[in-house]
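A quick write-up on the structure given underneath.
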Amino acid sequence: MHIEANPFAYEFELEKTALVLIDMQRDFIEPGGFGETLGNDVSLLEAIVPATKAALQAWRNAGGLVIHTREAHKPDLSDCPPAKRNRGNPSLRIGDAGPMGRILVAGAPGSQIIEALAPVDGEIVIDKPGKGMFYATGLHELLQQRGITHLLFGGVTTEVCVQTSMREANDRGYDSLLLEDCTESYFPAFKAATLEMIRAQGAIVGWTAPSAALLAALDSAN
Ligand code: C5J
């Protein structure tokens, strides 16, 4: 299959490609979560939900593998280094009790994926303690077992967990594409810069494309 992408066309085989949705969790997207405690306007992130849902549905209909990640720590925070927990000046820190349970702790309501994008049976859900999806998760081995060579990305936030995961993927040999309208940042300028950085220098990290280009590719394969 072929997606009209930037900086040039992206070729992939459905069976060797996974759609990865990074951290589409209540803690980042809904009011009262971690994102808001950091002083951010979470409505910016909510705006990508319809396009992301449409891409997810089309990918599911095509029979493609779906991976959801969550930034989520163990309840005893043994996987959350003080350097991460103590950074910045949020009104609530990782592990503190908030309106949606303990912030970024596995199992808390706030750490769940938003209802509109909730995983279904057969989809892989990875809890990750870091920004990147490969760090301390075993995901690379799992993808290798399944013969995955290509990754389509969406999720939040563009310049933090999405970009880190794409860079980690690049170093592990995956060809990655970021769906431009299925990712968002609390800082629009950071999103714009990240898209440019990813596809610069002949796709140094990967490709970007609007989700409509993915839908068109899936349609034309039918
Ligand atoms: C952040 C993320 N921004 N999922 N996490 O702390 O990008």
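The values are calculated or read from the model by the stated rules, or taken from the named source; none is laboratory data. In this text, all values refer to a predicted model and were calculated from it rather than measured experimentally. Don't worry about glycine lacking a Cβ; one is built from the backbone with ideal geometry, like all the others, and counts go over all protein chains shown. Accessible surface areas use protein heavy atoms only, side chains included; no ligands, DNA or RNA. Shrake-Rupley method; radii C 1.70, N 1.55, O 1.52, S 1.80 Å.
Quick look at the numbers
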quantity	calculated
The range 92-124: number of residues that are surrounded by 12 or more Cβ atoms within 10 Å (Cβ to Cβ) and more than 30 Å from Ala18 (Cβ to Cβ)	6
Which listed residue, of Gly147, Gly88, is open to solvent by less than 60 Å² (accessible area, probe 1.4 Å), within 14 Å of the ligand (Cβ to nearest atom) and in a loop (DSSP other than H, G, I, E, B)	Gly88
Close pairs from the range 150-168: first within 12 Å of the ligand (Cβ to nearest atom), partner outside any strand (DSSP E or B) and of a type in the set (Lys, Arg), Cβ under 6 Å, at least 6 apart	Thr158/Lys191; Val160/Lys131; Cys161/Lys131; Thr164/Lys131
Residue list for the range 169-204, restricted to those being open to solvent by 10 Å² or more (accessible area, probe 1.4 Å) and not in a helix (DSSP H, G or I)	Arg172, Gly173, Asp175, Glu180, Asp181, Glu184, Tyr186, Phe187, Ile204
In the range 37-76, the residues that are open to solvent by less than 10 Å² (accessible area, probe 1.4 Å), closer than 20 Å to Leu142 by Cβ and assigned to a helix (DSSP H, G or I)	Leu56, Trp59
Residue list for the range 3-36, restricted to those being free of Cβ contacts under 8 Å to residues at least 40 places away in the same chain and open to solvent by less than 60 Å² (accessible area, probe 1.4 Å)	Ala9
Tabulated pairs, the range 209-220, first in contact (Cβ under 8 Å) with a residue 12 or more places away in the chain and surrounded by 15 or more Cβ atoms within 10 Å (Cβ to Cβ), second among the charged types (D, E, K, R) and outside any helix (DSSP H, G or I), C-beta under 6 angstrom, 6+ apart or interchain	Pro210/Glu180; Pro210/Asp181; Ser211/Asp181; Ala213/Glu4
Every residue from the range 96-133 that is in a helix (DSSP H, G or I) and within 12 Å of the ligand (Cβ to nearest atom)	Ser111
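Here is a yes/no grid of residues against (1) more than 16 Å from the ligand (Cβ to nearest atom); (2) at pLDDT 95 or above:
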| site | (1), (2) |
| --- | --- |
| Ile3 | yes, yes |
| Asn6 | yes, yes |
| Phe12 | yes, yes |
| Leu19 | yes, yes |
| Ala54 | yes, yes |
| Ala58 | yes, yes |
| Asp79 | no, yes |
| Ile94 | no, no |
